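The structure appears below as structure tokens.
No lab work stands behind these numbers, since they all come straight from the coordinates. Keep in mind that this is a model prediction, so the values were computed, not measured. Don't worry about glycine lacking a Cβ; one is built from the backbone with ideal geometry, like all the others, and counts go over all protein chains shown.
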Amino acid sequence: MTRSSPLTPHPSPVIAIDGPSASGKGTVAERVAAALGFHFLDSGALYRLTALSAMKHGVALDDEAAVAALAAKLPATFRDGAVWLDEENVTDAIRAETVGEGASKVAALPAVRAALLDRQRAYRQAPGLVADGRDMGTVVFADAVAKVFLTASASARAERRYKQLIEKGNSANLPALVADMQARDARDTARAVAPLKPAADALLLDTTHMDIESAVLAVLAHYTLCMARSKQGN
């Protein structure tokens, strides 16, 4: 992995997109990456994979040392548009609500976050990276050239998740999803290490009444503006 000193700009720019669960940041980040020809990091998938691995190995999600050990040696790969865990296609499995809840729990463990930090930074390669998660702009890529905090009301996010689950043939309860969103938000914002919050220099983008395409265009425009400012500063 290429490292740069705090005084030396990294040659590969990063667009950091953070926000709460189901805010649309994953879809937006992936489309922004495609538009720019950049690499894409779904950091949440790494935490979901860690939670799924713990469940498969019978490791309690609050056993910090054991979960961190799994995270450090996670046999995970992203290829052919799918997510693999030890050669098993777990693309759909990691999106299960129970795994999502587990991911939020293990993400609050400092040792787990430390174990995955360098792994996430290794995705930063030319020509650039679009990274989405909870602490991309505040911790993992604090020097990102463009930072966005994507959010939406809990009810709007729950409705989006509800539609996704129904479309996939899964059962879903909207009031329960709203409660789950609120619980995850509280857990993610209150954790001691890398809590969910906007970076001081992030663009705040509320997508409650915004479609995906409009959000993508807003992020691209922000990136263009940030790059122009960066060049002026040099």
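Quick look at the values:
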| read-out | value |
| --- | --- |
| Distance (nanometres) between label positions extended 7 Å along Cα→Cβ at Asp118 and Ala34 | 3.4 nm |
| Stokes-Einstein translational diffusion, the stretch 73-205 - Kirkwood Rh over all Cα pairs, 0.692 mPa s, 37 °C, in µm²/s | 198 µm²/s |
| Under Karplus coefficients 6.51, -1.76 and 1.60, residue-wise ³J(HN,Hα) of the stretch 170-185 in Hz, glycine/proline x | 9, 7, 7, 10, 4, x, 5, 5, 4, 4, 5, 4, 5, 5, 5, 4 |
| Distance-filtered residues of the stretch 67-108 - backbone nitrogen under 20 Å, label point 7 angstrom along Arg187 Cα→Cβ | 67-72, 92-108 |
| In nm, spacing of pseudo-spin labels at Lys73 and Asn170 (7 Å Cα→C-beta vector) | 3.0 nm |
| Spatial separation of Cα centroids for the stretch 144-218 and the stretch 47-70, in angstrom | 24 Å |
| Exposed-site-free run, longest, the chain (rule: trypsin sites (Lys or Arg not before Pro); DSSP loop; at most 12 other C-beta within 10 Å) | 74-167 |
| Along each principal axis, Cα extent of the stretch 43-125, largest first, Å | 33, 28, 18 |
| Difference of contour (0.36 nm per residue) and Cα-Cα distance, Thr98 to His57 | 13.2 nm |
| Amide H within-cut-off set for Arg191, under 5 Å, with H built and near neighbours excluded | Leu196 |
| Hull shadow area, averaged, the chain [alpha-carbon convex hull, nm²] | 12.7 nm² |
| Ranking of Asp201, Asp143 by count of other Cβ atoms within 10 Å, fewest first | Asp201, Asp143 |
